[in-house]
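Just below is one structure, and these are the notes that go with it.
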């Protein structure tokens, strides 16, 4: 069974095709024949050694990937989530050792796997689980009500775009950042007000909302630079561990998608929202497994508006 993995840490060139033993579904598990795996920034940390300390408990090869889509080919005993052999599905993966989405065959807890949105390709379906669930968790942590005002940084990205779309679906007012080239895209995603991205985003928000917004999702990881956009007693969530210092009674939270990796109902709902057009499935480019290094190079070059996807 083929996989894309690394035997040593480094740049995209260390990614290689490797052979792994066949795996089988046990009780409560399903097995996917993986056809597509999205490439996310977190995958580069598995590859380049940024998480070597966490990975050292497992020997190489290391296989990255948190999003997979394909066909169910085994269902273990006790699975009651409604999937069956032959179903087209998408899944969220928490990588460890050689257990990541960049492989032809993957065994997962049944709760991490749902039917793919009707009419989607494998490449499209694999772009949704991780970023969609991360966006869902961020909004759940913020606990906003219809009519509240949410600011989103990194709004043109996969996570930020999903936040914008889910927030609008929930009845929120959305203020988002964008480069000049991305302004139309972010508006099309549903943002009510699009402001120029940059270190002065908080000041730009305050120019429109002098008291500040009710909450902020920091998809561009600006951390302290954008806290000023949030009103006293508001809420702030980050995707890279930043937790503020409790200033002005702001509620800080950290969005860690691993908390939602077995939230079957939430992932299934995201699929239904994609079917109805609430959520976009954004593929930038697809690559055969042999060219996985090119997918990583393109991601790290920046500017992609959608996910690079590795296909098996």
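On the given criteria, is residue 7 in the same structural domain as residue 298 (by TED's automatic domain parsing), modelled with pLDDT of 95 or more, in contact with a strand residue (DSSP E or B) (Cβ under 8 Å, 6 or more places away or on another chain) and surrounded by fewer than 16 Cβ atoms within 10 Å (Cβ to Cβ)?
Criteria met by residue 7.
Within the range 101-124, count every residue that is part of a helix (DSSP H, G or I), over 18 Å from residue 282 (Cα atoms) and in contact with a strand residue (DSSP E or B) (Cβ under 6 Å, 6 or more places away or on another chain).
Residues that pass the stated criteria total 2.
Can you pull out every residue in the range 183-204 that is more than 21 Å from residue 124 (Cα to Cα) and in contact (Cβ under 8 Å) with a residue 40 or more places away in the chain?
197, 201
Report, by residue number, each residue of the range 200-218 that is within 24 Å of the chain's Cα centre (by Cα) and part of a loop (DSSP other than H, G, I, E, B).
If the condition is that a residue be within 24 Å of the chain's Cα centre (by Cα) and part of a loop (DSSP other than H, G, I, E, B), then no residue fits.
Can we say residue 235 is crowded, with 18+ Cβ neighbours inside 10 Å and within 20 Å of residue 70 (Cβ to Cβ)?
When the stated conditions are applied, residue 235 does not pass them.
Tell me, please, whether a residue that is in the same structural domain as residue 107 (by TED's automatic domain parsing), assigned to a loop (DSSP other than H, G, I, E, B), on the phi < 0 side of the Ramachandran plot and without any contact (Cβ under 8 Å) to a residue 40 or more places away in the chain can be found in the range 19-32.
For the range 19-32, residues in the same structural domain as residue 107 (by TED's automatic domain parsing), assigned to a loop (DSSP other than H, G, I, E, B), on the phi < 0 side of the Ramachandran plot and without any contact (Cβ under 8 Å) to a residue 40 or more places away in the chain: present.
Of the residues 132, 190, 212, 219, which single one is touching a strand residue (DSSP E or B) at 6+ places or on another chain (Cβ under 7 Å) and crowded, with 24+ Cβ neighbours inside 10 Å?
From the options 132, 190, 212, 219, the qualifying one is 219.
Here are some residues: 23, 79. Which one is surrounded by 15 or more Cβ atoms within 10 Å (Cβ to Cβ), farther than 30 Å from residue 303 by Cα and out of contact with any helix residue (DSSP H, G or I) (no Cβ under 6 Å at 6 or more places or on another chain)?
Going through 23, 79 in turn, the sole match is 23.
For residues that are over 18 Å from the mean Cα position of the chain (by Cα) and assigned to a loop (DSSP other than H, G, I, E, B), scanning just the range 52-73, find the one that is surrounded by the most Cβ atoms within 10 Å (Cβ to Cβ).
Applying the filter and picking the extreme gives 61.
Got a sec? Which of 79, 94 is touching a residue at least 60 places away in the same chain (Cβ under 8 Å), assigned to a loop (DSSP other than H, G, I, E, B) and assigned by TED's automatic domain parsing to the domain that holds residue 22?
Just a single option satisfies the conditions, and that option is 94.
Please verify whether the range 257-268 includes one or more residues that are more than 14 Å from the chain's Cα centre (by Cα), outside the structural domain of residue 88 (by TED's automatic domain parsing), more than 21 Å from residue 108 (Cα to Cα) and surrounded by fewer than 18 Cβ atoms within 10 Å (Cβ to Cβ).
No, because not a single residue in the range 257-268 is more than 14 Å from the chain's Cα centre (by Cα), outside the structural domain of residue 88 (by TED's automatic domain parsing), more than 21 Å from residue 108 (Cα to Cα) and surrounded by fewer than 18 Cβ atoms within 10 Å (Cβ to Cβ).
Please tell me if residue 254 is touching a helix residue (DSSP H, G or I) at 6+ places or on another chain (Cβ under 7 Å) and not assigned by TED's automatic domain parsing to the domain that holds residue 30.
Judged against the criteria, residue 254 is not a match.
Is it the case that the range 253-265 has a residue that's part of a loop (DSSP other than H, G, I, E, B) and either at pLDDT below 95 or closer than 22 Å to residue 3 by Cβ (or both)?
Among the residues of the range 253-265, at least one is part of a loop (DSSP other than H, G, I, E, B) and either at pLDDT below 95 or closer than 22 Å to residue 3 by Cβ (or both), which makes the answer yes.
The values are calculated or read from the model by the stated rules, or taken from the named source; none is laboratory data. Being a predicted model, the structure only gives us computed values, none of them experimental. Backbone-built Cβ (ideal geometry, glycine too); neighbour counts: all protein chains shown.
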